[in-house]
Amino acid sequence: TNDESSGATARLEVADGVGTIRLDRPKMNALDVATQDLLGELAREAGRREDVRAVVLYGGEKVFAAGADIKEMRAMDHTAMVLRARGLQEAFTAVARIPKPVVAAVTGYALGGGCELALCADVRFAGEGAKLGQPEILLGLIPGAGGTQRLSRLVGPAKAKDLIFTGRTVTAAEAREIGLVDHVVPDAEVYEKAHAWAARLARGPALALRAAKEAVDFGLETDIDTGLAIERNWFAGLFATEDREIGMRSFVEQGPGKAEFR
Ligand code: CO8
């Protein structure tokens, strides 16, 4: 999966604590079944590997991903999709559950499954020229890789329904306005800026970051008392970590601005 010459449609490139899951499937990074499954495998690998402390999702300079491979999907019948749909969602859920900070670096189109992939990240950087949307309705479908769930949780039900009902694409600027992306930067700087976000967190306390992500993500799926229980158990658990000792010692001995991870 790490070999550029293998012709793989996606790969995990690791340097300096940051793992980049790079889609590479001309044209448009259309996500066929094999690439969807590969994404899931790469996400699990990124989760497992100790040399990966933060992750960037990236499709290259021109396009993030134009969604599922429509040509492949067209040949599938109802039975085939019943058998496939869970595997598709599991692959995307593996990305959403990477227990480390994950940022999407979105250039060009992020449509359908491409937009849904970006939704699996913790934050999204988009280039000024990026276009995002859930155009499945135009194919007589609805999003199937988590879009109805993750988009509505992120931007609220009314904005999610507007995008899903109409299938319209939004510019990076509108995406930022509705909270679908977090930062809009010049197209040529998307990867660099997203990578810098990841690199900073790669220097952070890994267990506390994992705890923060789980507490937010699992807490959002439950009632507040259960969410608070998740939080306090993680909070107390972190008192057993070396990072906590180092973090508190450095505050007491050197003052707030001095710790390396700030
Ligand atoms: N699947 C297969 N081929 C595609 C796809 C796609 N999703 N998108 C583009 N292509 C191909 C085109 O067929 C074309 O191929 P060729 O050169 O051989 O004719 C090539 O890429 C370039 O495309 P265009 O000529 O259309 O280029 P434009 O710049 O004019 O337009 C667009 C680019 C806007 C991206 C346009 O191609 C488009 O609208 N694509 C379809 C987008 C779409 O509807 N995506 C949703 C797919 S459904 C989906 O994702 C279901 C989600 C649930 C499953 C998720 C699984 C991951």
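Can you find, within region 99-138, the residue that is nearest to the ligand (Cβ to nearest atom) among those that are more than 13 Å from the chain's Cα centre (by Cα) and farther than 23 Å from ALA158 by Cβ? Of everything passing the filter in region 99-138, TYR109 is nearest to the ligand (Cβ to nearest atom). Restricted to region 29-134, the set of helices (runs of 4 or more DSSP H) holding at least 2 residues that are buried (at least 17 other Cβ atoms within 10 Å of the Cβ) comprises 33-48, 78-96, 113-119.
Mind checking whether some residue in region 11-18 is without any contact (Cβ under 8 Å) to a residue 40 or more places away in the chain and out of contact with any strand residue (DSSP E or B) (no Cβ under 6 Å at 6 or more places or on another chain)? Yes: region 11-18 contains one or more residues that are without any contact (Cβ under 8 Å) to a residue 40 or more places away in the chain and out of contact with any strand residue (DSSP E or B) (no Cβ under 6 Å at 6 or more places or on another chain). Does LEU141 fit the bill of being in a loop (DSSP other than H, G, I, E, B), without any contact (Cβ under 8 Å) to a residue 60 or more places away in the chain and surrounded by 15 or more Cβ atoms within 10 Å (Cβ to Cβ)? Yes: the conditions hold for LEU141. Looking across region 160-178, just one residue is in contact with a Lys or Arg (Cβ under 6 Å, 6 or more places away or on another chain) and within 16 Å of the ligand (Cβ to nearest atom), and that is THR169.
Out of the residues in region 178-192 meeting the condition of being assigned to a helix (DSSP H, G or I) and over 15 Å from the mean Cα position of the chain (by Cα), tell me which one is nearest to ILE164 (Cα to Cα). So, considering only residues that are assigned to a helix (DSSP H, G or I) and over 15 Å from the mean Cα position of the chain (by Cα), the one nearest to ILE164 (Cα to Cα) is ILE178. Among the residues of region 74-84, not a single one is touching a strand residue (DSSP E or B) at 6+ places or on another chain (Cβ under 7 Å) and not acidic (Asp, Glu). Tell me the residue from ARG210, ARG200, ARG244, ARG232 that is part of a helix (DSSP H, G or I), crowded, with 17+ Cβ neighbours inside 10 Å and of a type in the set (Lys, Arg), please. Result: ARG210 is the single residue among ARG210, ARG200, ARG244, ARG232 that is part of a helix (DSSP H, G or I), crowded, with 17+ Cβ neighbours inside 10 Å and of a type in the set (Lys, Arg). Confirm whether ALA80 is over 23 Å from ALA206 (Cβ atoms), at pLDDT 95 or above, within 10 Å of the ligand (Cβ to nearest atom) and in the same structural domain as GLY112 (by TED's automatic domain parsing). Considered against the rule, which asks whether it is over 23 Å from ALA206 (Cβ atoms), at pLDDT 95 or above, within 10 Å of the ligand (Cβ to nearest atom) and in the same structural domain as GLY112 (by TED's automatic domain parsing), ALA80 comes out as no.
Of the residues examined, ALA91 is one that is within 16 Å of the ligand (Cβ to nearest atom) and within 29 Å of LEU209 (Cβ to Cβ).
The values are calculated or read from the model by the stated rules, or taken from the named source; none is laboratory data. Because the structure is predicted, anything quoted here is derived from the model rather than measured. Please note: Cβ atoms are built from the backbone with ideal geometry, for glycine as well, and neighbour counts cover all protein chains shown.
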